[in-house]
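**Student:** Provided herewith is a single structure, encoded as structure tokens, for subsequent inquiry.
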Amino acid sequence: MKNIIVVGGGAAGMMAAIAAASNGAKVTLYEKNEKLGKKIFITGKGRCNVTNDCDPENFFANVVTNSKFMYSSYYGFDNSCVMSLLESEGCRLKTERGNRVFPVTDHSSDIISTLHKILRSLNVDIRLNSEVKGLICEEGSCVGVELSDSRNNADAVIVATGGVSYQTTGSTGDGIRWAKGLEHKTIDCRPALVPFTIKEEWVKQLQGLSLKNVGLEMMCGKKTLYSGFGEMMFTHFGVTGPLILSASSYYASYLKKKKENDEDVILKLDLKTALTTEQLDKRLIRDFEKENNKKFRNGLGDLLPSKMIPIIIELSEIDPEKPINLVTREERTRLVALLKNLELTVTGTRGFNEAIITQGGISVKDINPSTMESKLISKLYFCGEVLDVDALTGGYNLQVAWSTGHLAGESAAELFK
């Protein structure tokens, strides 16, 4: 029986250990934390969005970076495989809006405990509070790992140490550094699925305000970097929410190619997506006729959240004390344009401690997509967030971890058959 070491007890590491042990290998799983799955525990606001019950085309469309690299691993172990594995062990799942899959209990701990149970049933040797300090490589092959007080040999090593987001969970970029030391190309890490910081001071006045059904277009000059529709929220530093987090992944991709003379990145918000410009203008005319005797500042209550009205009035440059029946056509046109195209200037993003995932990591050019084995060092495998692969919110990033982890474990075990 061949000995395989897995470094990292997150989603990719646990799945790699399960796949390797299921294929007849003796597996030792090293985790530096006191328990497995610390990052899984906090995903989906503690509910764990396990995967997305979508078709393959939709899955690949939601992988932002290096989607083609995922073909072999995804088709080998897709969302239905993940769901079947968990449910076969008694962890019941449910599918919610947007095909997001969660445990029926809404407790991420149930996902972790189910995976833990599978690991135990396969006799995986789980070593908690065991930090791997480095990889041992000889003559172009990985032959083991270094711990603080020992050297442990193996027939193959799988690195699943994560990226650099949520560093309190143990994701401190160890695997990326080890790969770089072994001459693998690495892509600079950036926070992704992360809130934006915004230049306009007025956003602070809207802190805590959530908006649904907002349209967003993220522009650099005339180039559209991202467009989407969904929910967002204003904060003391800028904006956040599902729509914003998705946009931030494309912003991180843009920063890789950013030129010195590029214009500012602008978020253009459509606050009234259900209405065309013409329909919104007619709606305003009706509202204004109904509120004919009121002042302008008191005439937008049916159109906007109360917290937003003073801001929109200020930006519209219409006198708030002006009687509604004296608002000109030109002023009304300006107000319509503002509601359909409210601009925010992006100054950056929050840091890795607020980022759900890391964009960047080990270049997929140095990894065999059919096995997850390094092209430079034999018997060394990488999977999960340590790789330069990332996706949007909705369960897609965990699916990347499950798929690449399973392929790495399966390939490492198959190597010796």
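**Student:** May I ask you to list the residues in the range 19-50 that are of a type in the set (Gly, Ala, Ser) and either more than 25 Å from residue 410 (Cβ to Cβ) or surrounded by fewer than 19 Cβ atoms within 10 Å (Cβ to Cβ) (or both)?
**Tutor:** If we filter the range 19-50 for residues that are of a type in the set (Gly, Ala, Ser), which is where we start, we get 19-22, 24-25, 37, 44, 46.
Selection gives 22, 24, 44, 46.
**Student:** Additional query: Within the set of pairs 6 or more residues apart or between chains, which connect a residue that is surrounded by 14 or more Cβ atoms within 10 Å (Cβ to Cβ) inside the range 268-294 to a residue that is at pLDDT below 90 and of a type outside the set (Asp, Glu) with Cβ atoms less than 7 Å apart?
**Tutor:** Matching pairs, first to second residue: 287/299; 288/299; 291/299.
**Student:** For the range 256-266, indicate whether the set of residues that are more than 25 Å from residue 220 (Cβ to Cβ) and assigned to a helix (DSSP H, G or I) is non-empty.
**Tutor:** Within the range 256-266, none of the residues are more than 25 Å from residue 220 (Cβ to Cβ) and assigned to a helix (DSSP H, G or I).
**Student:** Can you tell me which condition residue 54 does not meet? The list is (1) buried (at least 21 other Cβ atoms within 10 Å of the Cβ); (2) in a helix (DSSP H, G or I), and all the others hold.
**Tutor:** Of everything listed in (1) buried (at least 21 other Cβ atoms within 10 Å of the Cβ); (2) in a helix (DSSP H, G or I), residue 54 misses just condition (2).
**Student:** Could you tell me whether residue 124 is surrounded by 13 or more Cβ atoms within 10 Å (Cβ to Cβ) and outside the structural domain of residue 48 (by TED's automatic domain parsing)?
**Tutor:** Criteria not met by residue 124.
**Student:** Another one. Out of the range 316-362, which residues are part of a helix (DSSP H, G or I), in contact with a Gly (Cβ under 9 Å, 6 or more places away or on another chain) and closer than 24 Å to residue 273 by Cβ? Give the derivation first.
**Tutor:** First, the residues of the range 316-362 that are part of a helix (DSSP H, G or I): 316, 324-326, 329-340, 352-354.
Okay, now just the ones that are also in contact with a Gly (Cβ under 9 Å, 6 or more places away or on another chain), so 324, 340, 352.
Listed by number, the list holds a single entry, 340.
**Student:** Which residues, counting only those in the range 26-59, are at positive phi and either without any contact (Cβ under 8 Å) to a residue 24 or more places away in the chain or in contact with a Lys or Arg (Cβ under 9 Å, 6 or more places away or on another chain) (or both)?
**Tutor:** 44, 45
**Student:** With 29, 36 as the choices, which residue is assigned to a strand (DSSP E or B), of a type outside the set (Val, Ile, Thr) and assigned by TED's automatic domain parsing to the domain that holds residue 406?
**Tutor:** 29
The values are calculated or read from the model by the stated rules, or taken from the named source; none is laboratory data. Quick caveat: nothing in here was measured; it's all calculated off a predicted structure. Please note: Cβ atoms are built from the backbone with ideal geometry, for glycine as well, and neighbour counts cover all protein chains shown.
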